[in-house]
Amino acid sequence: RVLVAHSDAPGPLRARAWAACAYDRFYGGDFPGAGAGADRGLAEAVAAGDVRARARCRHAHGAIAFLFDPPVCRSAMAEAITLARESGDRWCETDALQFLSFSHLLQHRPAPAQEAMLRSAAMAEQEGNAFQLACHQLGLGMTAAAGARLVDSVAAARRGADGAQRIGDPVIELWGRAQQATSELARGRFGDATVPLLRLLIDTEWPAVVV
C-alpha cells in the first residue's frame, strides 16, 4: 500500500521496499506474491542503478526457487553473491552462499555444497548471525547423513534445532527435529526418533506437518 501511495518516491528506496515486500511474502508462504515483488524490485533497482537492491531481489528470486527448482535457485544466488560483494551487503552474501550450498544438499550432492557452506558459516560467525549458524548445523547434519555418518548427523541436527529454538525460529527447529528423527530412524532407533517429534507435536503451531 505504501508503494502504491508513493509512486514518486526515489527509485532506490522503492526498489529496496519491493525487495523487503518480496521477503515478507516469501516467509509468509506467498510465493507468487514474493516473485511479483522481487520482479518489481529488480526492475526498479536496474532503472535506479541500485546494486544492493538488485542483490536483494535476486536473492529473493533464489529463495523462492529453492525447494521447487534448485538449479534456478543456484543461478539466482550466484548472481546475488556477486552483486552483494560489489555493494558490500554482507548479510545478503552470507545468506546467498548458504542457500547455494543447501540447494546442492537438497539434491543429495554434498561435495559441491561444501565450499559455499563453509564460507557462509565463517561469515556468519564473524557477524554473530545466530540464525545462519543454526542453519549451518543442519547443513552439517545433511552432509553427515549423506556419508552414512548417522551419529554425527543426529548431533548436528540437534544442535541446529536447539539453536533455532533459542532464537525463536519454529520453522528451522522443525527442520532440525525432523532431520534428527530421520537419522535416528535410519539407525533403527525408533524410540529416540519419536522424542523430538513428540516434542514438536506439543510445542509447534503446525502439528499436522509433524504428523
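The table that follows gives values for the structure above.
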read-out	value
Of all residues in segment 2-22 being touching a residue at least 40 places away in the same chain (Cβ under 8 Å) and either farther than 16 Å from GLU79 by Cβ or open to solvent by 40 Å² or more (accessible area, probe 1.4 Å) (or both), the one that is farthest from the chain's Cα centre (by Cα)	PRO12
Residue selected from segment 174-211 under the condition small (Gly, Ala, Ser) and in a helix (DSSP H, G or I), by the criterion modelled with the lowest pLDDT	ALA208
Complete set of residues in segment 37-77 that are open to solvent by 50 Å² or more (accessible area, probe 1.4 Å) and closer than 20 Å to VAL2 by Cβ	ASP39, ARG40, ALA43, ALA47, ARG52, ARG56
Conditions (1) assigned to a helix (DSSP H, G or I); (2) without any contact (Cβ under 8 Å) to a residue 12 or more places away in the chain: number failed by VAL151	(2)
Yes/no for GLY188 being of a type in the set (Gly, Ala, Ser) and open to solvent by less than 10 Å² (accessible area, probe 1.4 Å)	no
Some residue of segment 23-31 being surrounded by fewer than 20 Cβ atoms within 10 Å (Cβ to Cβ), charged (D, E, K, R) and outside any helix (DSSP H, G or I)	yes
Only one of ALA113, ALA146, ALA121 that is open to solvent by less than 50 Å² (accessible area, probe 1.4 Å) and within 21 Å of GLU173 (Cα to Cα)	ALA121
Tally, over segment 125-159, of residues that are within 16 Å of the chain's Cα centre (by Cα) and of a type in the set (A, V, I, L, M)	7
Any hit, segment 104-121, residues being outside any helix (DSSP H, G or I), within 18 Å of TYR23 (Cα to Cα) and not small (Gly, Ala, Ser)	no
Residue match in segment 92-103 (condition: free of Cβ contacts under 8 Å to residues at least 40 places away in the same chain, open to solvent by 20 Å² or more (accessible area, probe 1.4 Å), outside any helix (DSSP H, G or I) and not aliphatic (A, V, I, L, M))	no
Sole exception among (1) under 15 Å from ALA80 (Cβ atoms); (2) touching a helix residue (DSSP H, G or I) at 6+ places or on another chain (Cβ under 7 Å) for ARG40, by number	(1)
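The values are calculated or read from the model by the stated rules, or taken from the named source; none is laboratory data. Values in this document were obtained by computation on a predicted structure and should not be read as measured data. Methodologically, a virtual Cβ is constructed for each residue, glycine included, from the backbone with ideal geometry; neighbour enumeration extends over all protein chains shown. Each accessible area value is taken on the protein alone, full model and side chains, heavy atoms only, with ligands, DNA and RNA left out. Shrake-Rupley method; radii C 1.70, N 1.55, O 1.52, S 1.80 Å.
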